[in-house]
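What follows draws every value from the coordinates through simple rules; no lab data is involved. These figures come from a predicted structure and were not determined experimentally. Methodologically, a virtual Cβ is constructed for each residue, glycine included, from the backbone with ideal geometry; neighbour enumeration extends over all protein chains shown.
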Amino acid sequence: MPFEFSFTPDQDAFRQAVRAFVEAEVRPIVAAMDESETFPESSIRKMRSEGYFGVPIPEEYGGLGLGKVGYCILLEELARVDASHATIVAAHTSLGSTSLLCYGTEEQKQRWLAPAARGEKLLAFSITEPGSGSDSGAVSTVAEKDGDGWKLTGTKIYVTNGKEADSVIVMAANDAKLGPSGGVSAFVLDKGMAGFSVGRCEKKMGLHGTSTAELILDHVAVGPDRVLHQVGKGFHVAMTALDVGRVSLGAASLGGMQAACQEALSFSQNRTQFGLPISEFEAIQFKLADMAMGIHALRLMVYHAAANLDRLGNDPSKWSRLDRATKTREAAIVKCLASEWAADVIDEALQIHGGLGYIRGTPIERAYRDARISEIFEGTNEIQRVVIARDLLGRGL
Ligand SMILES: Cc1cc2nc3c(=O)[nH]c(=O)nc-3n(C[C@H](O)[C@H](O)[C@H](O)COP(=O)(O)OP(=O)(O)OC[C@H]3O[C@@H](n4cnc5c(N)ncnc54)[C@H](O)[C@@H]3O)c2cc1C
């Protein structure tokens, strides 16, 4: 069987449907959303009813059953027009739904995953704290034993969808001295639980349509029905979700790169200097060629990684050590390269726009601000390099 790389007719049709939706419902509101720094309620409501909050989730749990490849198509198309919409879906799906799909009991899947996949409930995922970012196993939010349940106390920060989410996957230390292996557990909390509240929301450089919230936990009482996976295995939950998140971040970067390249291409053909369209100058042509090379390579990488995730399936108990290591390395490579290539492409596209690229409100200026976070969240690129290097040193190329 030759190495084949093509989308099925159904996947192509899904891409066309998403593209039409995004052009009709998202593009018209993006500039105003960015300027007002507000969560795009109305377009998100429509996306929920289209099933876009459950794309990779099997149909038996309320999703569209289109796998990670379908999910990457969605994120690529969303991010071609707006990174905030893509990020809202990604925090919900890659981090929230994946945790429930891979580690939830049947009862937990019916209770939280199915409504999330149907778009009725919005999810968020919270591991970061003021004192633990890259060192994410060092969480100081405490899960103190209380009868057959726990009381959770601590402060979480930088939670995407934190303000709007109905439920949040929260990492807390059941035994801080054990660290990430054995000492961290994943809990599902619902908004409105006693002691659980939203604190400050950050003002940011970009992603103005997303909330980035502090969550305050003050002796929140949780029963055993809210523990995902086993007590002490929360770090496994987080790392599995982040592997999906890193591949999907690659898809969003791919969308952002294409939009920037397209903007640069048409601007360069219309902007005349020295009596010629600037696209006639070799310096500009080389920038455009470099963009096309990055986009081509990233497309292959993202969908290869997404297809591998689909091949592995959603049951971690069936994954071998090699499967896990390969998946984690590939996700880190995709995340790192995608975010850096996207930053380069968008920077060069802005350069091609000259002074106009620096003017507030142009699509390329917004893309530049929106893209910078991709080198930081879902694990900084320094941490991705640590992950890749450790695996290389452990089992070679
Ligand atoms: C807009 C936004 C949305 C976010 N969404 C979420 C979310 O939904 N849920 C969530 O839990 N978190 C979220 N985060 C948090 C994000 O994942 C963290 O900010 C990120 O992991 C980095 O942690 P930190 O900010 O504490 O930086 P630090 O860990 O303090 O890192 C500071 C610098 O030191 C470097 N560094 C640290 N350790 C090492 C090392 N061992 N080797 C080399 N370099 C190192 C880092 O790479 C970085 O350059 C979000 C953040 C932002 C800004």
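Using only Cα atoms, locate the centre of the stretch 2-60 and the centre of the stretch 158-195, then give the distance between them in Å, rounded to an integer.
With the stretch 2-60 and the stretch 158-195 each reduced to a Cα centre, they are spaced 28 Å.
Where both partners of a DSSP beta bridge lie in the chain, what percent of those bridges are antiparallel, to the nearest 5?
On the way: 29 of 35 bridges.
Taking every DSSP beta bridge with both residues in the chain, the antiparallel ones total about 85 percent.
With a ≥ b ≥ c the root eigenvalues of the C-alpha gyration tensor of the stretch 171-253, is it rounded (a/c under 1.5), prolate (a/b larger than b/c) or oblate? Present the calculation step by step, with values, prior to reporting the outcome.
Numbers: a/c = 2.16, a/b = 1.21, b/c = 1.78.
Here the stretch 171-253 falls in the oblate category.
Along the Cα→Cβ direction, 7 angstrom out, place labels at R321 and T8. What is the inter-label distance in nm?
3.5
Name the residue from N174, S266, S97 whose Cα lies farthest towards the positive end of the charge dipole of the chain, charges +1 on Cβ of Lys and Arg and -1 on Cβ of Asp and Glu.
Highest projection toward the positive end goes to N174.
Dipole of the chain, Cα-centred, from +1 at each Lys and Arg C-beta and -1 at each Asp and Glu C-beta, to the nearest 20 debye?
Charge dipole, the chain, about its Cα centre: 500 debye, nearest 20.
Arrange the peptides 7-17, 56-66, 139-149 so that the one whose residues have, on average, the most other Cβ atoms within 10 Å appears first.
Averaged packing, sorted descending, gives the order 56-66, 139-149, 7-17.
Work out the charge dipole of the stretch 9-122 with +1 on the Cβ of Lys and Arg and -1 on the Cβ of Asp and Glu about the Cα centre, then indicate which of Q108, H85, S49 is farthest towards its positive end.
Farthest towards the positive pole: Q108.
Length gain on complete extension for the stretch M193 to F286, per 0.36 nm per residue less the alpha carbon to alpha carbon distance?
Taking 0.36 nm per residue and subtracting the Cα distance, the gain is 27.9 nm.
Go ahead and estimate [θ] at 222 nm for the chain from helices alone: -39,500 (n - 2.57) per DSSP H run with n ≥ 4, summed, over the residue count, rounded to 500.
So the helix-based figure for the chain works out to -16000 deg cm²/dmol.
Using 1/(1 + (r/R0)^6) with R0 = 41 angstrom and r between the beta carbons of D146 and R45, what's the FRET efficiency to the nearest 0.05? Walk me through the numbers before you get to the answer.
On the way: r = 38 Å, r/R0 = 0.92.
Between D146 and R45 the formula returns 0.60.
Trypsin sites (Lys or Arg not before Pro) within the stretch 98-143: which are DSSP loop residues with at most 16 other Cβ atoms inside 10 Å? Could the numbers behind the result be given before it?
On the way: sites: K109, R111, R118, K121; in loops: R118, K121.
Passing sites in the stretch 98-143 do not exist.
Mind sorting K191, K327 by how few other Cβ atoms lie within 10 Å of their own Cβ, fewest first?
Going from least to most buried by this count: K191, K327.
What does the extension gain come out to for H296 and A20, with contour length at 0.36 nm per residue minus their alpha carbon separation?
97.1 nm
Considering only Cα-Cα distances, which of the following residue pairs are longer than 31 Å: K121/K156; K156/K287; K68/K121; K46/K287; K204/K318; K109/K335? Write out the running numbers ahead of the final one.
Details: K121/K156 21 Å; K156/K287 42 Å; K68/K121 20 Å; K46/K287 37 Å; K204/K318 40 Å; K109/K335 28 Å.
In this structure, K156/K287; K46/K287; K204/K318 exceed 31 Å between Cα atoms.
Quick check: the distance between the Cα centres of the stretch 71-132 and the stretch 320-361, to the nearest angstrom?
When both Cα centres are located, 21 Å separates them.
What is the packing order of peptides 89-101, 201-213, taking the mean over residues of other C-beta atoms within 10 Å and listing the highest first?
Descending packing order for the listed peptides: 89-101, 201-213.
Using the number of other C-beta atoms within 10 angstrom as an exposure proxy, rank V345, V387, V22 with the fewest first.
Numbers: V345 29, V387 21, V22 24.
Fewest-to-most Cβ neighbours within 10 Å comes out as V387, V22, V345.
In Å, what is the Rg of the alpha-carbon atoms in the chain, and how long is Dmax?
Taking only Cα atoms of the chain, I get Rg and Dmax of 21.1, 79 Å.
For K145, give me every one of the aspartates and glutamates with a C-alpha distance below 13 angstrom, ignoring sequence neighbours fewer than eight places off in its own chain.
By straight Cα distance, K145 reaches D175.
Spin-label point model (7 Å from Cα, Cβ direction): what's the R200 to E60 distance in nm?
4.7
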